[in-house]
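Beneath this line is the structure, given in structure tokens, with notes to follow.
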Amino acid sequence: MAEYVIKYHTNFTFCGRIEFIRIMFEDAGVKYTEQSEDMYQLVDCFTEGKGAAPFPVMFPPLLIHGDVCINNTPAIMRYLGKQLGYYPKTDKDEAIADQILLNAHDFIAEGRRQFHPTEDSASYHSQKEAADLQAAKWAASGRLLTWLRHFNKVIERGSGPGVAGACVTYADFALFHVLRATQSQFPEAWESNKGEYQACVTYLEAFAGRKGISEYLGSDRRRPFEGNSMM
């Protein structure tokens, strides 16, 4: 059986986008290897036509499984859904799962932008004062609450045992991770508005209790959140 390898940036000690992928492996009890690499250098080589990056890879994280190379976190999660047994059972459930998956990533992307208000490609620390003001403004504006109310509705209307039908799918892992990220990044807002999204709170606690997830969260393999950018 081909080994699963995840490549990510060097010197990353926090969750990052790779966390979406880690928790799928951890829940399934499937071994994987993480490798750090200067991924931006790979991208430069690819765009310059030197062929160093696998086609059609652009940005990390990158999953390598045999001769399959995938970047873009939602694409990786869908692939792993098939490989690990977390794929929706019907076309309808697949359509629902895809919407939840992509909405979760849109939410993380929107949250991340608040911490990079001056220049998106620059670090949070290079624009910290403006970023802290913008993030606080965003959280207080009601936009964060709008997202959480939406996810609450998704959970309440899910046909179970997953949010997208008859089994746990990649959508569940995406939803679980973004709720964890929100709780970590905006703890005061999370605590003060719990009554608005109690289903999210219950779901987060229940999913964290799954055997593989619980063991992972209690292990030294788990990376901390960085404290900015919902990463």
Anchor Lys82: aspartates and glutamates whose Cα lies under 20 Å away (excluding residues fewer than 8 positions away in-chain): Glu3, Glu19, Glu26, Asp27, Asp67, Asp91, Asp93, Glu94, Asp98, Asp172
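Using only alpha carbon pairs under 8 Å that are at least six residues apart, calculate the relative contact order of the range 91-210 and give it in whole percent. Numbers along the way, then the final one.
On the way: 96 pairs, mean separation 32.6, N = 120.
Answer for the range 91-210 is 27 percent.
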Charge tally in the Cβ shell below 10 Å around Arg143, where Lys, Arg are +1 and Asp, Glu are -1, Arg143 excluded: 0
Tensor-based shape of the range 172-231 (alpha-carbon gyration tensor, a/c under 1.5 rounded, otherwise prolate or oblate): oblate
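Within the chain, what's the longest stretch lacking GluC sites (Glu not before Pro) that sit in DSSP loops with no more than 12 other Cβ atoms inside 10 Å?
So the longest stretch without any such site is 120-231.
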DSSP-defined beta bridges in the chain - what % are antiparallel, rounded to 5: 70 percent
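For a Förster distance of 22 Å, can you work out the FRET efficiency between the beta-carbons of Phe14 and Lys211, rounded to the nearest 0.05?
Working: r = 25 Å, r/R0 = 1.12.
Calculated transfer efficiency: 0.35.
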Of Asp172, Asp220, Asp106, the one that fluctuates the most in a GNM where the chain has Cα springs shorter than 10 Å: Asp220
GNM top mover of Asn72, Asn152, Asn11 - the chain, alpha-carbon springs below 10 Å: Asn11
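Calculate for the chain the 222 nm mean residue ellipticity that helices alone would give, adding -39,500 (n - 2.57) per DSSP H run of length 4 or more and normalising by residue count, nearest 500 deg cm²/dmol.
Details: 10 runs with 123 residues, N = 231.
Theoretical 222 nm ellipticity from helices: -16500 deg cm²/dmol.
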The range 158-174 residues near the modelled Gln198 label - backbone nitrogen below 19 Å, point 7 Å along Cα→Cβ: 158
11 Å beta-carbon shell around Ala171, net charge (K/R +1, D/E -1): -3
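Can you give the FRET efficiency to the nearest 0.05 for Lys137 and Glu3, using r as the Cβ-Cβ distance and R₀ = 35 Å? Walk me through the numbers on the way to the answer.
Working: r = 45 Å, r/R0 = 1.29.
FRET efficiency, Lys137 to Glu3: 0.20.
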Neighbour-count order for Arg157, Arg149, fewest beta carbons within 10 angstrom listed first: Arg157, Arg149
Cα-Cα P(r), the range 91-210, percent of pairs per 10 Å interval: 13, 43, 30, 13, 1
Relative exposure of Thr90, Thr13, judged by other C-beta atoms within 10 Å (fewest first): Thr13, Thr90
The chain: C-alpha gyration tensor shape, a/c 1.5 cut-off, then a/b vs b/c: oblate
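For the chain, what's the relative contact order in percent, using C-alpha pairs closer than 8 Å and at least 6 residues apart?
Numbers: 307 pairs, mean separation 56.6, N = 231.
Relative contact order for the chain comes out at 24 percent.
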GNM top mover of Ala199, Ala140, Ala189 - the chain, alpha-carbon springs below 10 Å: Ala140
Rounded Å value of the spacing that divides the Cα centres of the range 1-15 and the range 96-116: 21 Å
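What is the calculated FRET efficiency for Thr33 to Ala75, with r their C-beta to C-beta distance and R₀ = 22 Å, to the nearest 0.05?
E(calc), rounded to 0.05, equals 0.65.
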For the range 43-162, radius of gyration divided by Kirkwood radius, i.e. Rg to Rh on alpha-carbons: 1.06
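Every read-out reported here was derived from the displayed coordinates using simple, explicitly stated rules and does not represent laboratory data. Nothing here was measured: the structure is a model prediction, and the numbers come from that model. Every residue, glycine among them, receives a Cβ derived from its backbone with ideal geometry; neighbour counts consider all protein chains shown.
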